Amino acid sequence: MRRKLLFMSILIVGCAYASSPAEVEHYVKDLDTAIKASTAVLKKSDLASLRQHSTKMNELKKAGEKYGTTAFDLPYGRCFSSGVMAQEWWSAQLTAAQNGGVERTPGRIDSAWKQYQSNRAECLKAAHSGGKAPGTVVIASASETPPRKGCLKVLGVRPDGTVGTTAYTCPKQ
């Protein structure tokens, strides 16, 4: 029962962060553009450019909060995580540049990059599936009994204003 409640609470949180697939793709494009600009900013190495780019990366990280505040927020929590890891990658790059090109924590840049790539891929996968988990269907229902085994409740505001079951997400048969 505890496991079922955890999944239900994740679904509730996920509903609060829904966004359009086009908006998600635009966000990822902004992250990619900022990352590509990072090399030139580091080569230029003037304080104003570094500060401006750091501000941009922090703004992108903050903008990702519209998709959730953890990687588990459905459907776009991994988009939030992409912004976090892009900013972490930039921070690691900047710290290494300030230390003569040597990482203070060996592997930090590579680790942040790999996590960014993984989260980015999952974010785009969610966008391409229209914000639905792959391999699932949404069945509208106010019933407290799931339509079949393996379905998870989606809680929300019903037409009468009460909070309760509004649908189920179920594995495709």
Subject >> For region 97-173, alpha-carbon Rg relative to the globular expectation (2.2 N^0.38 Å, N residues) >> reply: 1.83
**OP:** Provide the FRET efficiency to the nearest 0.05 for the GLU23-VAL102 pair, computing r from the beta carbons and using R0 = 45 Å.
**Re:** 0.70
Subject >> trypsin sites (Lys or Arg not before Pro) within region 123-173: DSSP coil, no more than 14 neighbouring Cβ in 10 Å >> reply: LYS132, ARG148, LYS149, LYS172
Original post:
What order do you get for 39-45, 96-102, 56-62 when each peptide is scored by the mean count of other beta carbon atoms within 10 Å, highest first?
Top reply: 56-62, 39-45, 96-102
Subject >> Cα-based reach from LYS61 at 29 Å (exclusive), listing lysines while leaving out same-chain residues under 8 positions away >> reply: LYS29, LYS36, LYS43, LYS44, LYS114, LYS125, LYS132
Subject >> Amide H contacts of THR136 (H built 1.01 Å from N, under 5 Å, at least 5 apart or other chain) >> reply: LYS172
Subject >> GluC sites (Glu not before Pro) restricted to DSSP loop in region 73-147 with at most 15 other C-beta within 10 Å >> reply: GLU103, GLU144
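What is the extension gain from ILE139 to SER111, computed as 0.36 nm multiplied by their sequence separation minus the C-alpha to C-alpha distance, in nm to one decimal?
6.2 nm
No value in this document is a laboratory result; all are computed from the given coordinates. Please read these numbers as outputs of a predicted model, since none were measured by experiment. Don't worry about glycine lacking a Cβ; one is built from the backbone with ideal geometry, like all the others, and counts go over all protein chains shown.
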